[in-house]
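Chemist: Sharing a structure with you now.
The values are calculated or read from the model by the stated rules, or taken from the named source; none is laboratory data. A quick note: this is a predicted structure, and the numbers were derived from the prediction, not measured. Cβ: placed from backbone, ideal geometry, glycine included. Neighbour counts: every protein chain shown. Just so you know, the surface numbers come from the protein's heavy atoms only, side chains and all, with ligands and any DNA or RNA stripped out. Shrake-Rupley method; radii C 1.70, N 1.55, O 1.52, S 1.80 Å.
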Amino acid sequence: MAKKRKYKFFNSKLTSAVSISMVLFLLGCTLSIAMIAPRFSNTILEKIAINIFMEDGATEADIQKMDKFLQEQPFTKTVTFKSKEQAIISMCEEIGEDPEEFKDHNPLPNMFEVYLQAQYANNDSIMFVEQRLTNMDYVKKVDYQKSFIQSIGSKINRITLLLLGATLILLVISYVLIRNTIQLLIYSDRFMIHTMKLVGATKHFIRKPYMKQGLCIALVAFVLVLIYIFALNYFFRDVLPFDIVNMNDPSVWMLFGVLLLCSIIITSVATFFAVNKYLRQKADDLYYL
């Protein structure tokens with residue numbers, strides 16, 4: 001009989017830990033997407049380039065001076081120079097013409113392609129850069145895709161807000177589900193809690209073992225979440241071009257820390273209020289819960 005009670009006790013705690021770990025795993029997936037999203041957005045933004053067309057009168061020294069200037073600027077990610085000869089060859093390959101036809105008269109100018117740092121890849125910053133470059137000697141024109149940049153920026157902002165909203169909603173859902181799980185776990189002890197109240201036990205004394213129990217469940221749930229994540233990484237290691245869990249990435253450790261804190265805080269708060277519910281109940285009400 002004693003072994004059976006111990007088995008039921010262990011089984012109920014394990015079931016609770018598994019339930020909580022599944023909720024935390026979903027939360028972890030959302031948080032990891034939210035952490036990865038800025039990297040993807042930065043990668044997209046750093047593909048944005050501005051084209052600087054040089055005057056025909058610019059000498060080799062002027063071009064080298066401009067190249068050095070662009071390399072030193074904080075907004076520059078990479079700089080590529082394309083001579084008018086290279087530009088005409090590229091254009092002819094696209095339209096299927098013979099570059100020799102433009103040998104005597106090449107209408108294209110020398111140009112620089114400047115790929116921007118992510119934080120500068122917005123219309124306000126580029127407008128400032130454009131004004132600065134336009135006023136420089138031998139710069140004929142500065143061109144960039146204004147509508148495309150505006151579209152990318154608005155989409156990234158929208159996705160960021162959606163991820164933030166999803167994370168907040170999932171946090172609320174996590175709390176509700178974990179609280180219900182803990183409440184069901186304590187349900188069988190409601191009469192014992194009431195008896196302890198009758199013999200003069202303080203609320204803190206009654207609550208303490210359940211808080212410890214909740215902490216243990218939270219730690220077990222966190223370990224289970226880690227198992228899920230590493231199992232996912234193992235099964236998808238040949239499918240994805242990158243590791244889901246890269247232990248050299250600081251954001252992975254940050255994610256683990258956030259999940260551990262969420263597990264402890266949500267479970268502790270849920271346990272606190274679940275026990276309080278039964279501490280407030282009168283004896284007659286315990287039969288109708």
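Chemist: Have a look at 112, 129, 192 and report the one farthest towards the positive end of the charge dipole of region 107-244, computed about the Cα centre with Cβ charges (Lys/Arg +1, Asp/Glu -1).
Modeler: 192
Chemist: Out of 139, 157, 223, whose Cα points farthest toward the positive end of the dipole of region 122-228 (charges: +1 Lys, Arg; -1 Asp, Glu; placed on Cβ)?
Modeler: 223
Chemist: Mind giving me the FRET efficiency for residue 147 and residue 53? R0 is 25 Å, r the Cβ-Cβ distance, nearest 0.05 is fine.
Modeler: Working: r = 20 Å, r/R0 = 0.78.
Result of the calculation: an efficiency of 0.80.
Chemist: Let me ask something additional. Please give the charge dipole size of region 107-253, origin at the Cα centre, charges +1 on K and R Cβ atoms and -1 on D and E Cβ atoms. Round to the nearest 20 debye. The partial results should precede the final answer.
Modeler: Working: 14 positive and 9 negative charges, 212 e Å.
For this selection, approximately 1020 debye.
Chemist: Which peptide among 24-32, 202-210 comes first, and what is the full order, when sorted by highest mean count of other Cβ atoms within 10 Å? Walk me through the numbers before you get to the answer.
Modeler: Values: 24-32: 19.6, 202-210: 13.6.
Ranked by mean Cβ neighbours within 10 Å, highest first: 24-32, 202-210.
Chemist: Place the peptides 38-44, 269-275 in order of packing, highest mean first, counting for every residue the other Cβ atoms within 10 Å and averaging per peptide.
Modeler: Working: 38-44: 13.6, 269-275: 19.9.
Taking the mean over residues of other Cβ atoms within 10 Å, the ranking is 269-275, 38-44.
Chemist: While we're looking at this one, here's another question. Compute the distance in nm between two label points, each set 7 Å from the Cα along the Cα-to-Cβ direction, one at residue 282 and one at residue 138.
Modeler: The two pseudo-label positions are separated by 9.3 nm.
Chemist: Among 45, 259, 171, 164, what's the order by accessible area (1.4 angstrom probe), most exposed first?
Modeler: Correct descending sequence by accessible area is 164, 171, 45, 259.
Chemist: Placing unit charges on C-beta atoms (Lys and Arg positive, Asp and Glu negative, everything else neutral), compute the dipole magnitude of region 20-80 about its Cα centre in debye, rounded to 20.
Modeler: Details: 5 positive and 7 negative charges, 106 e Å.
Roughly 500 debye for region 20-80.
Chemist: Same structure, new question: Between residue 90 and residue 188, what is 0.36 nm times their sequence separation minus the Cα-Cα distance? Round to one decimal in nm.
Modeler: Details: separation 98, 0.36 × 98 = 35.28 nm, distance 7.70 nm.
Contour length minus Cα-Cα distance gives 27.6 nm.
Chemist: Mind checking region 125-183 for chymotrypsin sites (Phe, Trp or Tyr not before Pro) that DSSP puts in a loop (not H, G, I, E or B) and that have at most 13 other Cβ atoms within 10 Å?
Modeler: none
Chemist: Pop the C-beta distance of residue 176 and residue 235 into the FRET formula with R0 = 30 Å and round what comes out to the nearest 0.05.
Modeler: Values: r = 30 Å, r/R0 = 1.01.
Efficiency for this residue pair is about 0.50.
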